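Q: Before I ask anything, let me first share the structure, which is written out below as structure tokens.
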């Protein structure tokens, strides 16, 4: 425990013992750091567990790392990753566009728009994504032709619904509609987090309504939107794996096809895992920089990026080496937790 | 009375059951400074916000330079204007908020350029020149590229005044412009407003700074309970108030 090992401040000494002379100059007092024994024990225990697990990863033959190596960069898998990325990108962009429209419908003064948006969000949050996807897959059973015409009147032009939508189209529509319901609430939360005074100032300056939203409200709302939106996009990336039910050649479907053929289940699941981890990491890095961009003006002095920190650390090392001193600036890749 | 810039007639405003303004009449002449005093809850700020139609009135009307605000009159009917047209009218009315309400994600310069470009469709280059000139006028030429949060409260309010001036409004409305400031920063903001008064800008200032009212105001208006209790030159209202409520208020703040 830290409290038992803390250095006692210079003051009354233990009774009986002769009081040590207290130096007058504070600069001559030596500070003894507290020792954290329990922390060391816990760290050692965790280190052993991690070592055991890593050892298992490397030595357990079931992982079949050579199979992993054969497949991880194979053409089939890379192509499947590309499909996964496309599904994610389309559903993200379209989902957030539709979500933003829905969010402003819910925030509008029109009770009709409010109700429609609310109902949409209610329905699409209620339906499991997989159920919705199968619905879209069977769209042609529901509406075999799609066309333009007068509502409830004659139709001027129509096509076979399967021919224009196709399987990938159905998957994108399904993912988008699902995503839009969540995106709407995220965007709405962000907009509500913007100070009321900002809209009043924009209104008082006569800035047109759409421009108020695009230039004043949304950039500030982004600060609140981005952390949750990052979660959603990463969730969506992994969520695309459910479209395997529609036999679309995305990552998880392709992996299943391969292990169905050769029976190497574990290493192929590892292949999928590795790719999902890599893609998620890339998204996380992107999120960091996008968040930083939208934080402009929010801090008096913006914190340096990890890259800037590394450079600064290297610089300090160099000067320290030149002066034959130990570096004085500790390396903190992610900065102090605030 | 052709030189009346702001004309407020019989304005009533309620928030639910609470009647905040109960028939306010006010006339401000071009180039004059009107200071509105009164206890909190007297309706001063609400009156100011009805003048640029941030609040709709329930009864009465307001005109600026002869133009009805928020409505179009045909015969005996007042047609409510669309938001687009109200926004256009507001470009003639500068408004300075108690809490500055600068756009924190834009630089000081972009704060000043935004409305002239977006609302008046000025070329950006021209708007930038005006912005730099106005920043120099409020003594902040060197802060053009700073973000609002990097400035002190007094500096932020001076930027907010410059932002309002960038639209070259016919009248400037100040809603307690120094109430959110530390005492030592009040002076720099009041100095900017005094400078504007000297150059003949029409202004309505809601404030608690009695000294400022005495020095700058052409007319002092005392409001209480949603009505104008008395108005006149500062020497009359501040030194020889006719009304008991004015005397009671002044004895508390002086």
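The values are calculated or read from the model by the stated rules, or taken from the named source; none is laboratory data. As the structure is a computational prediction, the values presented were derived from the model and not from experiment. Here Cβ is always computed from backbone atoms with ideal geometry, including for glycine, and neighbour counts include all displayed protein chains.
Q: Is it fair to say residue B:95 is more than 14 Å from chain A (Cβ to nearest Cβ) and under 25 Å from residue A:194 (Cα atoms)?
A: Criteria not met by residue B:95.
Q: Any residue at all in segment A:288-307 that's surrounded by 13 or more Cβ atoms within 10 Å (Cβ to Cβ), within 22 Å of residue A:168 (Cβ to Cβ), within 20 Å of the chain's Cα centre (by Cα) and in contact (Cβ under 8 Å) with a residue 24 or more places away in the chain?
A: no
Q: Moving on to the next point. Among (1) within 11 Å of another protein chain (Cβ to nearest Cβ); (2) in a helix (DSSP H, G or I); (3) over 24 Å from residue A:209 (Cβ atoms), where does residue B:160 come up short?
A: Here residue B:160 meets the rest and fails (3).
Q: Same structure, new question: Identify all residues within segment B:168-178 that are buried (at least 24 other Cβ atoms within 10 Å of the Cβ) and either within 11 Å of another protein chain (Cβ to nearest Cβ) or in a helix (DSSP H, G or I) (or both); write none if there are none.
A: Answer for segment B:168-178, where residues must be buried (at least 24 other Cβ atoms within 10 Å of the Cβ) and either within 11 Å of another protein chain (Cβ to nearest Cβ) or in a helix (DSSP H, G or I) (or both): just B:173.
Q: Tell me which of these residue A:233 doesn't satisfy, since it passes every other one: (1) under 30 Å from residue A:62 (Cα atoms); (2) at pLDDT 95 or above.
A: (1)
Q: A follow-up question, please. Find the residue count for segment B:205-227, including only residues that are in contact (Cβ under 8 Å) with a residue 60 or more places away in the chain and more than 17 Å from residue B:39 (Cα to Cα).
A: Counting residues in segment B:205-227 that are in contact (Cβ under 8 Å) with a residue 60 or more places away in the chain and more than 17 Å from residue B:39 (Cα to Cα) gives 4.
Q: Taking the stated definitions as given, is residue B:89 closer than 30 Å to residue A:295 by Cβ and either within 12 Å of chain A (Cβ to nearest Cβ) or out of contact with any strand residue (DSSP E or B) (no Cβ under 9 Å at 6 or more places or on another chain) (or both)?
A: No.
Q: On to the next question. Among the residues of segment B:31-45, is any more than 22 Å from residue B:249 (Cβ to Cβ) and assigned to a strand (DSSP E or B)?
A: Within segment B:31-45 (the criterion being more than 22 Å from residue B:249 (Cβ to Cβ) and assigned to a strand (DSSP E or B)), the answer is no, since none of the residues qualifies.
Q: Turning to a different aspect of this structure: Could you check how many residues of segment B:98-115 are under 18 Å from the mean Cα position of the chain (by Cα) and either surrounded by 20 or more Cβ atoms within 10 Å (Cβ to Cβ) or more than 8 Å from chain A (Cβ to nearest Cβ) (or both)?
A: Number of matching residues: 6.
Q: Further, regarding this structure: For residues in segment A:284-313 being out of contact with any helix residue (DSSP H, G or I) (no Cβ under 8 Å at 6 or more places or on another chain) and part of a loop (DSSP other than H, G, I, E, B), which is farthest from residue B:105 (Cα to Cα)?
A: Step by step, filter segment A:284-313, then rank; the result is A:303.
Q: Please return the ranges of helices (runs of 4 or more DSSP H) entirely within segment A:137-211 where 2 or more residues are more than 14 Å from chain B (Cβ to nearest Cβ) and farther than 30 Å from residue B:102 by Cβ.
A: A:139-142, A:161-192
Q: Same structure again: Modelled with pLDDT of 90 or more, crowded, with 16+ Cβ neighbours inside 10 Å and touching a strand residue (DSSP E or B) at 6+ places or on another chain (Cβ under 7 Å), is that true of residue A:184?
A: Answer is no for this residue.
Q: Check B:165, B:185, B:134 and return the single one that is surrounded by fewer than 23 Cβ atoms within 10 Å (Cβ to Cβ), within 20 Å of the chain's Cα centre (by Cα) and modelled with pLDDT under 95.
A: Exactly one of B:165, B:185, B:134 is surrounded by fewer than 23 Cβ atoms within 10 Å (Cβ to Cβ), within 20 Å of the chain's Cα centre (by Cα) and modelled with pLDDT under 95, namely B:185.
Q: Examine segment B:61-83 for a residue that is facing another protein chain (nearest Cβ under 7 Å), surrounded by fewer than 19 Cβ atoms within 10 Å (Cβ to Cβ), within 24 Å of residue B:12 (Cα to Cα) and free of Cβ contacts under 8 Å to residues at least 12 places away in the same chain, and state whether such a residue exists.
A: The answer is yes; a qualifying residue exists.
Q: With respect to residue A:216, is the statement that it is within 18 Å of the chain's Cα centre (by Cα) and either buried (at least 17 other Cβ atoms within 10 Å of the Cβ) or within 14 Å of chain B (Cβ to nearest Cβ) (or both) true?
A: When the stated conditions are applied, residue A:216 does not pass them.
Q: Does residue A:173 meet the test of being buried (at least 17 other Cβ atoms within 10 Å of the Cβ), modelled with pLDDT under 90 and under 24 Å from residue A:247 (Cβ atoms)?
A: It is false that residue A:173 is buried (at least 17 other Cβ atoms within 10 Å of the Cβ), modelled with pLDDT under 90 and under 24 Å from residue A:247 (Cβ atoms).
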